[in-house]
Every structure is written in C-alpha cells, then in structure tokens.
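The values are calculated or read from the model by the stated rules, or taken from the named source; none is laboratory data. Here the structure is a predicted model, which is why all the values come from computation and not from measurement. Cβ placement follows ideal geometry from the backbone for every residue including glycine, while neighbour counts extend to all protein chains displayed.
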Amino acid sequence: MAIETATLAGGCFWCTEAVFNDVIGVTGVESGYIGGTVANPTYKQVCSGETGHAEAIRVSFDTDQISYGEILDIFLATHDPTQLNRQGNDIGTQYRSAIFPHSTEQEREALDALERARPDWPAPIVTSIETLGEWWPAEEYHQEYWAGEGQRNPYCLAVIPPKLRKLRKSFAARAKESAA
C-alpha cells in the first residue's frame, strides 16, 4: 500500500469531506485550513475572510486503488469549479476552489485535470493551483462532521446529498456506496 496526500479546497469542508469519505481507496480525510497568514487559525477567524485561509481537506489515499488524477477528477466534478471565491451561498475567499499540490508531479497532474474538466462546465474553471503552505487541522468538532452532527444540520442536508448522488452516479466504480 502506497499512501499519498491531496490537499483540496472546494467550498465548505464538511461537504468535500463527506464526498471523499465515500471514495474507494481513500484512507482518511481531515478538514482544516490552508493558504492564509495567521498561525493556528480558528473556524471563526477563517469564516471572517480576513486570514486568507481556505476551508480545505487533506485526503490520504492508497495509490494502488486510486490515482491522484482520479481524486482530482472527483473533486472537480463534485463542486462548482467555475465559481470564484464561493460555493453556492458560501461567499468569500475562504470558500475558493483550489488545489495545493504536494509535488511537481501533482502540480502537473492538477493542470491536466483542469484541462480534462473544462468540457464539463459551461463557464470557465477558476480553480487555482496554489503553493502548499502550512496545514492547520480544523477543530475536532469539524472532523467527520457529516457522519455525526451534519446529518441533523439543514445546510448539510441541502448541500451534501446532491454531491454524494453525483459521486455515486458519475463515479459509481469509485464510490463505497452505490447510487440509490
């Protein structure tokens, strides 16, 4: 088993975490903050939009089961990479769409994935490729949010199930749960 890491920002980290927790070959997902200027930021600070951080996830995956390119294809298909500094009603740079490569190979693959995704979207993709900086894990109550509190959160109930349906339909062979 060869474990690799992907760091991705696609809006609310609760939503992207829920998607990747349902992907075969993913061995772990951690919600956190990246890309900002404040050391050890809190959720409240990041939500203010003043720290420069993005809500993001760090995905650990087994490269014997799934490639980095496939991780990126799922990422670009399960959020809207054409919205600048927002996802739906979540607005601000903390909700930007960004890929934070861990190597020059991941950076090359990110460019390839953006090119592959272009025909799937009617508007230009604005997902940025940013320098991997300091990773700050989110507070414990954000981890595995959909599996617990998120199932009772109206926001999550409105946003996450459509993302999971898209995963299970478009990437059925990669989803732990099949499409309903």
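Would you be able to say whether some residue in region 79-96 is closer than 25 Å to Pro161 by Cβ, of a type in the set (D, E, K, R), in a loop (DSSP other than H, G, I, E, B) and in contact with a strand residue (DSSP E or B) (Cβ under 8 Å, 6 or more places away or on another chain)? Among the residues of region 79-96, at least one is closer than 25 Å to Pro161 by Cβ, of a type in the set (D, E, K, R), in a loop (DSSP other than H, G, I, E, B) and in contact with a strand residue (DSSP E or B) (Cβ under 8 Å, 6 or more places away or on another chain), which makes the answer yes. Report whether or not Phe171 is within 15 Å of Thr7 (Cβ to Cβ), aromatic (Phe, Trp, Tyr), touching a residue at least 12 places away in the same chain (Cβ under 8 Å) and touching a helix residue (DSSP H, G or I) at 6+ places or on another chain (Cβ under 9 Å). No: the conditions fail for Phe171. Of Asp80, Asp64, Asp90, all but one fail to be modelled with pLDDT under 95 and farther than 17 Å from Val29 by Cα; the exception is Asp90. Regarding region 145-152, can at least one residue be identified that is polar (S, T, N, Q) and in contact (Cβ under 8 Å) with a residue 40 or more places away in the chain? The answer is no; no qualifying residue exists.
There is no residue in region 66-76 that is surrounded by fewer than 21 Cβ atoms within 10 Å (Cβ to Cβ) and over 18 Å from Ala110 (Cα atoms). Among the residues of this structure, Tyr33 counts as one that is in contact (Cβ under 8 Å) with a residue 60 or more places away in the chain, among the aromatic types (Phe, Trp, Tyr), closer than 16 Å to Gly133 by Cβ and crowded, with 23+ Cβ neighbours inside 10 Å. Any residue that is of a type in the set (Val, Ile, Thr), at pLDDT 95 or above and loosely packed, with under 13 Cβ neighbours inside 10 Å - is there at least one of those in region 142-164? No: region 142-164 contains no residue that is of a type in the set (Val, Ile, Thr), at pLDDT 95 or above and loosely packed, with under 13 Cβ neighbours inside 10 Å.
If you go through region 121-140 one residue at a time, do you hit one that is farther than 17 Å from Thr93 by Cβ, surrounded by fewer than 14 Cβ atoms within 10 Å (Cβ to Cβ) and in contact with a strand residue (DSSP E or B) (Cβ under 6 Å, 6 or more places away or on another chain)? The answer is yes; a qualifying residue exists. One residue alone among Glu139, Glu177, Glu115 is closer than 28 Å to Thr37 by Cα and of a type in the set (D, E, K, R), and that residue is Glu139. The set of residues in region 95-108 that are surrounded by fewer than 20 Cβ atoms within 10 Å (Cβ to Cβ) and of a type in the set (D, E, K, R) comprises Glu105, Glu107, Arg108.
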